[in-house]
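*Asks:* Following this message is one structure expressed as structure tokens.
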Amino acid sequence: MVAIRLEYQGNLHCQIVQGPSGTILNTDAPADNHGNAESFSPTDLVVAALGSCILTVVGLKARSLKIDISGSTAIVEKEMANLPVRRIRKMGVKIHVPCYVSESDRRGLEDAAHTCPVHKSMHPDTEMPIEFIWGQLPESV
């Protein structure tokens, strides 16, 4: 079990401390929901969790196949819905793998992406398409 400590600091800001490491994150409400967007919003953290989880499980699969995918990146674009309640409607994921990977290994890595625990934990109404781009790096975000 991992404990995460959160403290509301006022003005829609929270501080988050990860128990084992003591690493600190701060959040702010997004500008479109009464915040100043001075840091990650809570839903930004969900998006970051999805992207890092997918890269991690793909990295685990790559390691088992003895493939080095260092330098791979994920870009996750979040779309919000406001009705009937405010929620994440879609998180589109693009994974860029800059190295050569055979077709059969590509299938294995793509299948692994869909085993990400964050992906499996999301509400079924949340769209989460995952696209792989092989052999090139993305344009800057």
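What follows draws every value from the coordinates through simple rules; no lab data is involved. Everything quoted here is computed from the prediction, not taken from an experiment. Every residue, glycine among them, receives a Cβ derived from its backbone with ideal geometry; neighbour counts consider all protein chains shown.
*Asks:* How many percent of DSSP beta bridges within the chain run antiparallel, rounded to 5? It would help to have the intermediate numbers written out before the result.
*Replies:* Numbers: 20 of 27 bridges.
In the chain, DSSP labels about 75 percent of beta bridges as antiparallel.
*Asks:* Ranking Cys99, Cys14, Cys116, Cys53 by Cβ neighbours within 10 Å, fewest first, what do you get? Walk me through the intermediate numbers first.
*Replies:* Values: Cys99 13, Cys14 16, Cys116 23, Cys53 19.
Ranking Cys99, Cys14, Cys116, Cys53 by Cβ neighbours within 10 Å, fewest first, gives Cys99, Cys14, Cys53, Cys116.
*Asks:* Return the distance in nm (one decimal) between the two label points of a simple spin-label model at Asn82 and Ser102, each offset 7 Å from Cα along Cα→Cβ.
*Replies:* 5.2 nm
*Asks:* Let me ask something else about it. Treat the count of other C-beta atoms within 10 Å as a stand-in for reagent exposure and order His123, His114, His13 from fewest to most.
*Replies:* Numbers: His123 7, His114 12, His13 16.
With the sparsest Cβ surroundings first, the list reads His123, His114, His13.
*Asks:* Using the alpha-carbon atoms, what tilt in degrees (0 to 90, nearest 10) does helix 42-64 show relative to the longest principal axis of the chain?
*Replies:* Rounded to the nearest ten degrees, it is 20.
*Asks:* With everything on Cα atoms, drop me the angle between helix 103-113 and the longest principal axis of the chain, reported from 0 to 90° to the nearest 10.
*Replies:* With both axes taken from Cα atoms, the answer is about 20 degrees.
*Asks:* May I pose another question? Return the label of the correct value of Rg and Dmax of the Cα atoms in Å, as calculated from the structure shown, out of (i) 16.9, 52; (ii) 34.1, 124; (iii) 14.4, 46.
*Replies:* Correct label, based on the coordinates given: (i).
*Asks:* Place a label point 7 angstrom from the Cα of Asp32 along the Cα-to-Cβ direction, then list the residues of segment 63-92 whose backbone nitrogen is under 13 Å away.
*Replies:* 77-83, 86-91
*Asks:* What length, rounded to one decimal in nm, is gained on full extension from His123 through to Cys14, with 0.36 nm per residue of separation minus their alpha-carbon distance?
*Replies:* On the way: separation 109, 0.36 × 109 = 39.24 nm, distance 2.42 nm.
This chain segment gains 36.8 nm when fully extended.
*Asks:* Please arrange Lys94, Lys120 by counting, for each residue, the other beta carbons lying within 10 Å of its beta carbon, fewest first. Intermediate results must be reported in sequence, preceding the final value.
*Replies:* On the way: Lys94 16, Lys120 9.
Exposure proxy ranking, most exposed first: Lys120, Lys94.
*Asks:* Report the net charge of residues surrounding Ile130, where surrounding means a beta-carbon distance below 9 angstrom and charges are Lys +1, Arg +1, Asp -1, Glu -1. Can you show the working numbers first?
*Replies:* Values: positive: Lys94; negative: Glu110, Glu131.
Net charge around Ile130: -1.
*Asks:* Please name whichever of Asn82, His123, Gln9 sits farthest to the positive end of the charge dipole of the chain, dipole taken about the Cα centre and charges placed at Cβ: Lys and Arg +1, Asp and Glu -1.
*Replies:* Value computed over the given set: His123.
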